[in-house]
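The values are calculated or read from the model by the stated rules, or taken from the named source; none is laboratory data. What you see is a predicted model; the values in this text were computed from it and never measured. Counting neighbours? That spans all protein chains shown, and the Cβs are built from the backbone with ideal geometry, glycine included. Ligands, DNA and RNA are excluded from the accessible area calculation, which covers all protein heavy atoms including side chains. Shrake-Rupley method; radii C 1.70, N 1.55, O 1.52, S 1.80 Å.
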Amino acid sequence: MIGCDCEVCSSADKKDKRFRSSILVQSPNTALVVDAGPDFRCQMLKHKVKHLDAVLLTHSHKDHVAGMDDLKAFTYFTGKPMEIYADAATESAVRRDFYYAFSDTRYPGTPEFDMHPISVNAFLVGDIPIVPVAVWHLRMPVLGFRFGPFTYITDANRIEDVEREKIKGSEVLVLNALRKEKHVSHFSLIEAVELSQELKIPTTYLTHISHQLGMHAEVEGELPPGIHLAYDGLILEFS
Ligand SMILES: [Zn+2]
Ligand SMILES: [Zn+2]
């Protein structure tokens, strides 16, 4: 957090350095990211990502879309627009925020986006099948995504029963938990733990963690079996 000298913000533990939430999903043939927030450029450079087929957006808040201008690096090398998957509300925000990428007279070096409207229906990106999961971020609809055995949900504080059914059976769930105290639009730590247990998910990683949650090592030690804090650079493999 800018200007903060709390024990988390001044910690030497790498796992206490938290970039904005995003994941890279890779299959043998396809690579996509979920969200491209303000740290997107640094995340791509740090992990030396050279190829990206698509971006899936959860919602239009700036901490999830602000880095989309840097997609121009990928479109520069391929000469093709980046494939963007978003619901209607997120798409209209992207068209507003990055108006210059949709102009008829684009100047050289701007990113180019090919928009694909999605809703709650399953779709395919390359060889990766995706099931959207609709969740609530206070009053804002947000999309989570299930990729076979793995489900990723960020920026939720409520999930309706019919959408919970889509998460059940996941081997691994990544779920947002902002802090210990209750929050108006994010699950708290205890709410996220309870949801994971209700859904009987064997392994859950918590993400979108604020500095207010506390030190990684301390909180990790307090969590029930099967529940962990995610951290920047965490890699999960599925066969
Ligand atoms: Zn948000
Ligand atoms: Zn967020």
Can you list the residues, at least 5 places off or on another chain, whose amide H is less than 5 Å from the amide H of ILE118, using H built in the peptide plane? ALA86, ASP87, ALA88
Mind listing the long-range amide H neighbours of ALA156? Cut-off is under 5 Å, sequence gap 5 or more, other chains count too, H placed in the peptide plane at 1.01 Å from N. ASN176, PHE187
When the dipole is taken about the Cα centre of segment 187-239, and only Lys, Arg (+1) and Asp, Glu (-1) are charged at their Cβ, what size is it in debye, to the nearest 20? 100
Using the Kirkwood radius built from alpha carbon pairs, what does the Stokes-Einstein equation give as D for the chain at 4 °C and 1.567 mPa s, in µm² per second? 70
Of the heavy-atom accessible surface of the chain (probe 1.4 angstrom), what whole percent is carbon and sulfur? 55
Compute the acute angle (0 to 90°) between the alpha-carbon long axis of helix 189-198 and the principal axis of greatest extent of the alpha-carbon atoms of the chain; round to the nearest 10°. 90
Orientation-averaged projected area, Cα convex hull of segment 190-239 (nm²): 4.1
Amide proton proximity set for GLU112, modelled H, under 5 Å, gap of 5+: MET82
Using only helices, what value at 222 nm comes out for the chain when you add -39,500 (n - 2.57) per DSSP H run of length 4 or more and divide by the total residues, to the nearest 500 deg cm²/dmol? -5500 deg cm²/dmol
May I ask you to give the solvent-accessible area per residue for segment 26-143, in square angstrom, as obtained with a 1.4 angstrom probe? 52
Remind me, what semi-axes does segment 51-157 give for its equivalent ellipsoid, largest first in whole Å, using sqrt of 5 times each Cα gyration tensor eigenvalue? 24, 17, 11
Once phi for every residue in segment 152-167 is put through the Karplus expression 6.51 cos²θ - 1.76 cosθ + 1.60 (θ = phi - 60°), the whole-Hz ³J(HN,Hα) values, with Gly and Pro written as x, are 10, 10, 10, 6, 10, 9, 7, 9, 6, 4, 5, 7, 4, 4, 5, 7
Segment 1-77 - convex hull of alpha carbons, volume per residue in Å³: 110
Just SER188, SER22, SER11 to compare: in a GNM of the chain, with alpha carbon springs under 10 Å, which one fluctuates most? SER11
Links that overshoot a 23 Å alpha carbon limit, given the list LYS15/LYS180; LYS48/LYS180; LYS166/LYS200; LYS17/LYS80; LYS17/LYS62; LYS14/LYS48: LYS48/LYS180; LYS17/LYS80
So how tilted is helix 88-97 from the main axis of the chain? Cα-based, degrees 0 to 90, rounded to 10. 60
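Nothing charged except the Cβ atoms of Lys and Arg (+1) and of Asp and Glu (-1): what's the magnitude of the dipole of segment 1-92 about its Cα centre? Round to the nearest 20 debye.
Using Cβ point charges on Lys, Arg, Asp and Glu, segment 1-92 gives about 400 debye.
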Using only the Cα atoms of segment 135-239, build the gyration tensor, take square roots of its eigenvalues as a ≥ b ≥ c, and label the shape rounded, prolate or oblate: rounded if a/c is under 1.5, else prolate if a/b is larger than b/c, else oblate. oblate
